[in-house]
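Please read the structure below before turning to the comments.
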Amino acid sequence: MYLPSAFRQDDLAELHAQLQANPFALLTSAGAAGVQASHLPLLLEPDEGEFGTLYGHFARANPHWRDLQGGAEALAVFSGPDAYISPGWYPAKAEHGKVVPTWNYIAVHARGPVELIEEPERLLQIVSRLSDQHESGRERPWAVSDAPREYIDSMLRAIVGFALPIRRLEGKWKLGQNRSAADQAGVRDGLASSPSPRDRELAARMS
(Lines give C-alpha, C1' and ligand atoms only; values in the text may rest on other atoms or scores of the structure.)
Protein backbone atom coordinates (compact mmCIF):
# COMPACT_ATOMS: atom_id res chain seq x y z
CA MET A 1 0.00 0.00 0.00
CA TYR A 2 1.35 3.42 -0.94
CA LEU A 3 1.62 5.08 2.45
CA PRO A 4 2.83 8.70 2.72
CA SER A 5 3.82 9.55 6.29
CA ALA A 6 1.03 12.13 6.62
CA PHE A 7 -1.59 9.40 6.20
CA ARG A 8 0.07 6.59 8.21
CA GLN A 9 -1.87 5.16 11.15
CA ASP A 10 0.35 3.25 13.59
CA ASP A 11 -1.84 3.11 16.69
CA LEU A 12 -2.56 -0.59 17.24
CA ALA A 13 -5.81 0.05 19.14
CA GLU A 14 -7.09 2.24 16.28
CA LEU A 15 -6.11 -0.37 13.70
CA HIS A 16 -7.82 -3.15 15.64
CA ALA A 17 -10.93 -1.02 16.09
CA GLN A 18 -11.08 -0.50 12.33
CA LEU A 19 -10.83 -4.25 11.67
CA GLN A 20 -13.57 -4.98 14.17
CA ALA A 21 -15.87 -2.25 12.84
CA ASN A 22 -15.41 -3.41 9.22
CA PRO A 23 -14.94 -7.20 9.45
CA PHE A 24 -15.89 -8.01 5.83
CA ALA A 25 -12.46 -8.21 4.18
CA LEU A 26 -10.94 -8.93 0.79
CA LEU A 27 -8.46 -11.78 1.25
CA THR A 28 -5.91 -11.98 -1.55
CA SER A 29 -2.97 -14.22 -2.36
CA ALA A 30 -0.82 -15.33 -5.28
CA GLY A 31 -0.11 -18.98 -6.02
CA ALA A 32 -0.09 -21.65 -8.69
CA ALA A 33 -3.51 -20.52 -9.94
CA GLY A 34 -2.40 -16.88 -10.10
CA VAL A 35 -3.75 -14.03 -8.01
CA GLN A 36 -6.92 -14.96 -6.14
CA ALA A 37 -9.30 -12.88 -4.03
CA SER A 38 -12.15 -13.90 -1.74
CA HIS A 39 -14.62 -11.69 0.13
CA LEU A 40 -14.89 -13.05 3.67
CA PRO A 41 -16.05 -11.99 7.14
CA LEU A 42 -13.07 -12.26 9.48
CA LEU A 43 -12.80 -12.46 13.24
CA LEU A 44 -9.94 -10.65 15.00
CA GLU A 45 -8.41 -12.06 18.16
CA PRO A 46 -6.40 -8.98 19.19
CA ASP A 47 -4.35 -10.65 21.94
CA GLU A 48 -3.04 -13.54 19.86
CA GLY A 49 0.44 -12.70 18.56
CA GLU A 50 2.19 -9.36 18.08
CA PHE A 51 -0.55 -7.75 15.98
CA GLY A 52 -3.42 -10.16 16.55
CA THR A 53 -4.73 -13.15 14.59
CA LEU A 54 -7.54 -13.29 12.04
CA TYR A 55 -9.89 -16.26 11.69
CA GLY A 56 -12.30 -17.13 8.90
CA HIS A 57 -13.36 -19.86 6.51
CA PHE A 58 -13.74 -20.63 2.82
CA ALA A 59 -16.42 -22.66 1.12
CA ARG A 60 -14.68 -25.96 0.38
CA ALA A 61 -15.74 -25.53 -3.26
CA ASN A 62 -13.74 -22.28 -3.43
CA PRO A 63 -10.35 -23.20 -4.99
CA HIS A 64 -8.64 -20.28 -3.26
CA TRP A 65 -7.83 -22.24 -0.10
CA ARG A 66 -5.84 -24.85 -2.02
CA ASP A 67 -3.25 -22.21 -2.95
CA LEU A 68 -2.77 -21.44 0.76
CA GLN A 69 -1.63 -24.89 1.79
CA GLY A 70 1.80 -24.99 3.37
CA GLY A 71 1.62 -21.62 5.11
CA ALA A 72 1.44 -19.34 2.08
CA GLU A 73 1.14 -15.62 2.81
CA ALA A 74 -2.14 -13.77 2.30
CA LEU A 75 -3.18 -10.14 2.47
CA ALA A 76 -6.48 -9.12 4.07
CA VAL A 77 -7.76 -5.69 3.03
CA PHE A 78 -10.27 -3.95 5.29
CA SER A 79 -12.01 -0.88 3.85
CA GLY A 80 -13.56 1.83 5.97
CA PRO A 81 -15.58 4.88 4.90
CA ASP A 82 -14.52 6.61 1.68
CA ALA A 83 -15.75 9.58 -0.34
CA TYR A 84 -15.12 11.71 -3.41
CA ILE A 85 -13.70 15.11 -2.46
CA SER A 86 -14.87 18.02 -4.61
CA PRO A 87 -12.45 20.91 -5.27
CA GLY A 88 -15.43 23.19 -4.71
CA TRP A 89 -15.18 22.51 -0.97
CA TYR A 90 -11.71 24.06 -0.72
CA PRO A 91 -11.51 27.77 0.15
CA ALA A 92 -8.28 27.63 -1.88
CA LYS A 93 -10.40 27.30 -5.04
CA ALA A 94 -11.63 30.88 -4.63
CA GLU A 95 -8.14 32.11 -3.80
CA HIS A 96 -6.11 30.70 -6.68
CA GLY A 97 -8.07 27.86 -8.35
CA LYS A 98 -5.14 25.45 -8.13
CA VAL A 99 -7.14 22.51 -6.81
CA VAL A 100 -8.24 19.15 -8.20
CA PRO A 101 -10.56 16.36 -7.00
CA THR A 102 -9.32 13.53 -4.81
CA TRP A 103 -10.69 10.62 -2.80
CA ASN A 104 -10.43 10.32 0.98
CA TYR A 105 -10.63 6.95 2.70
CA ILE A 106 -9.62 4.68 5.55
CA ALA A 107 -8.05 1.29 4.87
CA VAL A 108 -6.08 -1.35 6.75
CA HIS A 109 -3.87 -4.09 5.28
CA ALA A 110 -3.04 -7.19 7.34
CA ARG A 111 -0.50 -9.75 6.07
CA GLY A 112 0.60 -13.10 7.38
CA PRO A 113 1.00 -16.83 6.75
CA VAL A 114 -2.19 -18.86 6.56
CA GLU A 115 -2.81 -21.98 8.63
CA LEU A 116 -5.66 -24.03 7.15
CA ILE A 117 -8.05 -25.65 9.62
CA GLU A 118 -10.14 -28.74 8.84
CA GLU A 119 -10.64 -30.29 12.28
CA PRO A 120 -14.40 -30.24 13.03
CA GLU A 121 -14.09 -28.91 16.58
CA ARG A 122 -11.81 -26.03 15.56
CA LEU A 123 -14.13 -25.20 12.68
CA LEU A 124 -17.08 -25.24 15.06
CA GLN A 125 -15.26 -22.81 17.32
CA ILE A 126 -14.57 -20.42 14.43
CA VAL A 127 -18.12 -20.34 13.09
CA SER A 128 -19.54 -20.09 16.61
CA ARG A 129 -17.35 -17.11 17.48
CA LEU A 130 -18.15 -15.41 14.17
CA SER A 131 -21.88 -15.90 14.69
CA ASP A 132 -21.74 -14.77 18.31
CA GLN A 133 -19.93 -11.58 17.29
CA HIS A 134 -22.52 -10.60 14.70
CA GLU A 135 -25.55 -11.73 16.69
CA SER A 136 -24.43 -9.75 19.74
CA GLY A 137 -26.88 -7.00 20.66
CA ARG A 138 -29.88 -8.56 18.91
CA GLU A 139 -33.04 -9.01 20.93
CA ARG A 140 -33.02 -12.76 20.29
CA PRO A 141 -29.49 -13.68 19.16
CA TRP A 142 -29.12 -16.85 17.13
CA ALA A 143 -26.38 -19.32 18.10
CA VAL A 144 -24.85 -22.20 16.18
CA SER A 145 -26.12 -24.51 18.95
CA ASP A 146 -29.71 -23.57 17.95
CA ALA A 147 -29.39 -25.75 14.84
CA PRO A 148 -29.39 -29.58 14.94
CA ARG A 149 -25.86 -30.88 15.48
CA GLU A 150 -26.04 -33.29 12.53
CA TYR A 151 -26.96 -30.35 10.28
CA ILE A 152 -24.07 -28.26 11.62
CA ASP A 153 -21.71 -31.18 11.10
CA SER A 154 -22.75 -31.38 7.44
CA MET A 155 -22.16 -27.63 7.06
CA LEU A 156 -18.72 -27.93 8.64
CA ARG A 157 -17.74 -30.55 6.07
CA ALA A 158 -18.49 -27.97 3.38
CA ILE A 159 -15.95 -25.39 4.63
CA VAL A 160 -12.22 -25.00 5.27
CA GLY A 161 -11.21 -22.70 8.10
CA PHE A 162 -8.02 -20.73 8.54
CA ALA A 163 -5.99 -18.69 10.98
CA LEU A 164 -3.88 -15.76 9.81
CA PRO A 165 -1.44 -14.52 12.47
CA ILE A 166 -0.76 -10.91 11.47
CA ARG A 167 2.92 -10.30 10.78
CA ARG A 168 2.50 -6.87 9.19
CA LEU A 169 -0.29 -4.37 9.85
CA GLU A 170 -0.61 -1.07 7.94
CA GLY A 171 -3.26 1.60 8.25
CA LYS A 172 -3.96 4.52 5.93
CA TRP A 173 -6.18 7.36 7.11
CA LYS A 174 -6.25 9.62 4.02
CA LEU A 175 -8.30 12.47 5.47
CA GLY A 176 -6.76 15.59 3.96
CA GLN A 177 -3.94 15.94 6.47
CA ASN A 178 -1.80 17.41 3.69
CA ARG A 179 -4.25 20.31 3.17
CA SER A 180 -4.55 23.56 5.10
CA ALA A 181 -6.80 23.73 8.16
CA ALA A 182 -9.26 25.85 6.14
CA ASP A 183 -9.41 23.30 3.32
CA GLN A 184 -9.87 20.45 5.81
CA ALA A 185 -12.76 22.33 7.42
CA GLY A 186 -14.33 22.92 4.01
CA VAL A 187 -14.16 19.21 3.21
CA ARG A 188 -15.65 18.26 6.58
CA ASP A 189 -18.54 20.68 6.04
CA GLY A 190 -19.11 19.41 2.50
CA LEU A 191 -19.16 15.78 3.57
CA ALA A 192 -21.28 16.47 6.65
CA SER A 193 -24.00 18.08 4.49
CA SER A 194 -24.06 15.18 2.00
CA PRO A 195 -27.17 12.93 1.77
CA SER A 196 -24.82 9.91 1.75
CA PRO A 197 -24.41 8.23 5.17
CA ARG A 198 -20.93 7.10 4.12
CA ASP A 199 -19.91 10.69 3.37
CA ARG A 200 -21.20 11.80 6.75
CA GLU A 201 -19.36 8.96 8.47
CA LEU A 202 -16.10 10.07 6.88
CA ALA A 203 -16.78 13.67 7.98
CA ALA A 204 -17.16 12.41 11.54
CA ARG A 205 -13.88 10.54 11.30
CA MET A 206 -12.14 13.70 10.08
CA SER A 207 -13.29 15.46 13.22
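The values are calculated or read from the model by the stated rules, or taken from the named source; none is laboratory data. As the structure is a computational prediction, the values presented were derived from the model and not from experiment. In this analysis, Cβ positions are derived from the backbone assuming ideal geometry, glycine residues included, and neighbour counts consider all displayed protein chains. For the accessible areas, the whole protein counts, side chains as well, though only heavy atoms, and no ligand, DNA or RNA atoms are used. Shrake-Rupley method; radii C 1.70, N 1.55, O 1.52, S 1.80 Å.
What to note about this one:
- √(5λ) per eigenvalue of the Cα gyration tensor, region 1-108, largest first, Å: 35, 18, 12
- Taking all protein chains as shown and a probe of 1.4 angstrom, Tyr55 keeps an accessible surface of around 30 Å².
- The Cα atoms of region 70-156 give a gyration tensor whose axes a ≥ b ≥ c have a/c of 1.5 or more with a/b no greater than b/c, which makes the shape oblate.
- Low-density loop cleavage sites - GluC sites (Glu not before Pro) in region 1-104, where at most 15 other Cβ are within 10 Å (DSSP): Glu48, Glu50
- Average Cα contact separation per residue, region 49-207, under 8 Å, 6 or more apart, as relative contact order %: 35
- Ranked from largest to smallest solvent-accessible area, with a 1.4 Å probe on the protein heavy atoms, Lys174, Lys98 come out as Lys98, Lys174.
- Region 143-207: mean projected area of Cα convex hull, nm²: 8.7
- Computed on the Cα atoms alone, the convex hull of region 92-206 gives a volume of 171 cubic angstrom per residue.
- Gyration tensor verdict on region 8-54 (Cα atoms; rounded if a/c is under 1.5, prolate if a/b is larger than b/c, oblate otherwise): prolate
- Debye-sum result for the chain in log10 I(q)/I(0), which assumes one identical scatterer on each alpha carbon, at q = 0.09, 0.10, 0.11, 0.17 Å⁻¹: -0.45, -0.54, -0.64, -1.13
- Percent of Cα pairs in region 24-78 per distance bin of 5 Å, from zero to the largest separation: 4, 18, 28, 27, 15, 6, 1.
- For Asn62 and Arg140, the difference between the fully extended length at 0.36 nm per residue and the C-alpha to C-alpha distance is 24.9 nm.
- Semi-axis lengths (Å, descending) of the ellipsoid that matches the C-alpha gyration tensor of region 76-124: 46, 10, 5
- Taking the 1.4 Å solvent-accessible surface of the chain as the whole, the part contributed by carbon and sulfur is 52%.
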